[in-house]
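Following: one structure in structure tokens, then a few remarks.
The values are calculated or read from the model by the stated rules, or taken from the named source; none is laboratory data. Nothing here was measured: the structure is a model prediction, and the numbers come from that model. Virtual Cβ from ideal backbone geometry, glycine too; neighbours counted across all protein chains shown.
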Amino acid sequence: MADTDNFWEESLTEQEGCLLQPFVTNLDRSVFGLRNLPEVVKGALFSRYSRSDKGLRRILLDEFIKAPEADFTRIVGEVANNNVDQLVAIQQAEAFYDRVLIGYGDDSVAELGGAHIACEGISNIAAKALEDSRLGISPLEKSTRYVPFNRKINGRYRYYREPSIMASSHAERYESTLDHLFDTYTALISPLLSWVQACTLRDTTTSERAYNSATRAKTLDLLRGLLPMATLTNVGLFGNGRAFEYMLVKLAASTHKEVRALGLSMQQELDQMIPSFVKRAKTDRGHQYARYLSTNRHHTELLTQELLGQLKSASTSIVQLVEYDSAAENKIVAAILYPHTNLKFEQIKEYVTSLSTPAKVDIINTYIGERVSRFHRPGRAFEETYYTFDVLADLGAYRDLHRHRVLTQERQNYSVHHGYVVPQELEEARLVEPYKKALESAAETNDLISKDLPDAAQYVVPFAYKVRWRMKLNLREVYHFVELRSSRQGHPSYRAIAQEMYQQVRAVHPSLVANMHFVDLNNYALERLTAEQRIDIKLKQQNQK
Ligand SMILES: Cc1cc2nc3c(=O)[nH]c(=O)nc-3n(C[C@H](O)[C@H](O)[C@H](O)COP(=O)(O)OP(=O)(O)OC[C@H]3O[C@@H](n4cnc5c(N)ncnc54)[C@H](O)[C@@H]3O)c2cc1C
């Protein structure tokens, strides 16, 4: 972040600054917006976040502006040449918008304009806060699978040096613990990669490129458990004005100083792009809303402590189906028939109860038809029933699954209380000892800091530690979620969760998941391999053009 000694780098020459200036809202801060670029270029730029260690401005320069093959000038034309015009235009548009809004008073107008904003050098705590959005926000984040997180700047690993910890007596311990985690991560990459490659030799049908990418991805997947929540990352967001305004209010209500500061930085940049749509976040109304959220959360937390503080956490399996609807099948069959009649829903439900099970299955099968890919999703009738799961899994898996915006998901605090997971492969490679040692030292430091600074102590928690969270989703989402997240290329820790969810729903509602043809219950040695082989085919086709 720009505000602290939590370094963030962007070294641009004067000439580079001149080239970039028309396209970004600032040249020297870690939060900035994109402007004067075609939508497709903004999308392409953000997609690079997942596989690059570079900042977005550097990617824009190296891979678009300066790359002759990108033909950048032709793409953007002359539109970006006068920055002043752009600002004047925004001011004029704002005045016009305000007049329109007075006339209509309709909040949804603010959904009609959007912005691309880059947040660089933010911790995983902040990244999760940004991604905890549902309607209207599309995030993209640097991947722990494709990018190693051990590059140093000025001799220091890139993790958030939380100001209240750094001002306390825990500062030295905090840094030595996090350095130990990153040192261990760094030291294990090479021996683990050799082990992975020795276990899965390249066959003649696999290119060297595909093989190296797949084995490297596997290695980084296995080691991500060492990365703490303080790890700095980059997140790009595209969102509409209304969603950004709500996000700014939520960020302002956070218990984390970093997250509140990030909200203020974002406001500053959004004010340059879609000021009218986000301005209420900084008015009394916005401040009052943020206070409302934080006060209620605080009071609820106190009440919960009072009511449940003495109870001990019961250990559970990683996935537990805690609630489902015993009348699900009837409701879904009724919902399938509903749009095709003029009868009341009640009447149809009554009729359905008189049907035999085979008759109901027949209706379901007709509705779903022949699914030839997982993209053939069942329709809205499948939203008629919900499942609630209690999940206890490593933070790495939570970080991934949390990205499903349509579900209801709520987690408990990041902590070390539930222990950590150790990938079986680390045991087999005999590399588990340094891994465990670094994680256990993190737990001790977390315990120590928690006594004084419980919110800040969460930055120490590594991704291998477990977190408990609640997932509520309807059957239509179960299809999408399970089929996507069990697919071969996924990370094994969330694949196991998706597979388990499938098994538990199948146990209670076999007829409803009988058409879930694309759930993958196998285990693989190299998850990424087939995906990399597909990339090879695409590259070959492109070269032949
Ligand atoms: C193998 C794998 C690798 C990944 N790697 C990365 C990575 O490197 N970096 C990264 O940031 N993310 C990564 N992701 C996360 C991915 O980008 C999605 O955010 C995540 O899978 C959630 O999927 P979803 O959007 O389909 O689900 P949901 O958010 O649950 O949405 C369900 C469906 O609703 C529709 N929908 C939801 N929101 C919108 C919207 N705003 N506009 C239009 N349609 C919408 C879509 O049809 C979507 O499929 C990865 C995911 C997988 C499976």
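Here are the numbers for the structure shown:
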{"quantity": "Whichever residue in segment 13-42 is crowded, with 16+ Cβ neighbours inside 10 Å and modelled with pLDDT under 90 and, among such residues, is farthest from GLY114 (Cα to Cα)", "calculated": "VAL41"}
{"quantity": "Residue in segment 390-416 that is farthest from the ligand (Cβ to nearest atom), counting only those that are hydroxyl-bearing (Ser, Thr, Tyr) and outside any helix (DSSP H, G or I)", "calculated": "SER415"}
{"quantity": "Filter result (crowded, with 20+ Cβ neighbours inside 10 Å and out of contact with any helix residue (DSSP H, G or I) (no Cβ under 6 Å at 6 or more places or on another chain)) within segment 262-278", "calculated": "SER265, MET266, GLU269, MET273"}
{"quantity": "Conditions (1) within 16 Å of the ligand (Cβ to nearest atom); (2) crowded, with 23+ Cβ neighbours inside 10 Å; number of the one not met by GLN533", "calculated": "(2)"}
{"quantity": "From the options SER317, SER313, residue that is more than 19 Å from PRO378 (Cβ to Cβ), loosely packed, with under 12 Cβ neighbours inside 10 Å, within 26 Å of the chain's Cα centre (by Cα) and modelled with pLDDT under 95", "calculated": "SER317"}
{"quantity": "The lone exception for PHE149 - which of (1) assigned to a helix (DSSP H, G or I); (2) within 16 Å of the ligand (Cβ to nearest atom); (3) aromatic (Phe, Trp, Tyr) it fails", "calculated": "(1)"}
{"quantity": "All helices (runs of 4 or more DSSP H) inside segment 179-282 with 1 or more residues being modelled with pLDDT under 95 and touching a strand residue (DSSP E or B) at 6+ places or on another chain (Cβ under 9 Å)", "calculated": "241-252, 257-273, 275-278"}
{"quantity": "Of the criteria (1) within 16 Å of the ligand (Cβ to nearest atom); (2) not in a loop (DSSP other than H, G, I, E, B), which one SER176 fails", "calculated": "(1)"}
{"quantity": "Flag for ARG374 being surrounded by 13 or more Cβ atoms within 10 Å (Cβ to Cβ), within 16 Å of the ligand (Cβ to nearest atom), under 30 Å from ALA443 (Cβ atoms) and not hydrophobic (A, V, I, L, M, F, W, C)", "calculated": "no"}
{"quantity": "Any hit, segment 71-79, residues being within 21 Å of ASP271 (Cβ to Cβ), at pLDDT 70 or above and outside the structural domain of HIS404 (by TED's automatic domain parsing)", "calculated": "no"}
{"quantity": "Test: ARG488 is more than 27 Å from GLU329 (Cα to Cα) and without any contact (Cβ under 8 Å) to a residue 24 or more places away in the chain", "calculated": "no"}
{"quantity": "Number of positions in segment 508-530 that are loosely packed, with under 15 Cβ neighbours inside 10 Å and touching a strand residue (DSSP E or B) at 6+ places or on another chain (Cβ under 8 Å)", "calculated": "1"}
{"quantity": "Tabulated pairs, segment 135-151, first without any contact (Cβ under 8 Å) to a residue 60 or more places away in the chain, second more than 7 Å from the ligand (Cβ to nearest atom), C-beta under 9 angstrom, 6+ apart or interchain", "calculated": "ASN150/TYR157; ASN150/ARG158; ASN150/PHE182; ASN150/ASP183; ASN150/TYR185; ASN150/THR186; ASN150/ILE189"}
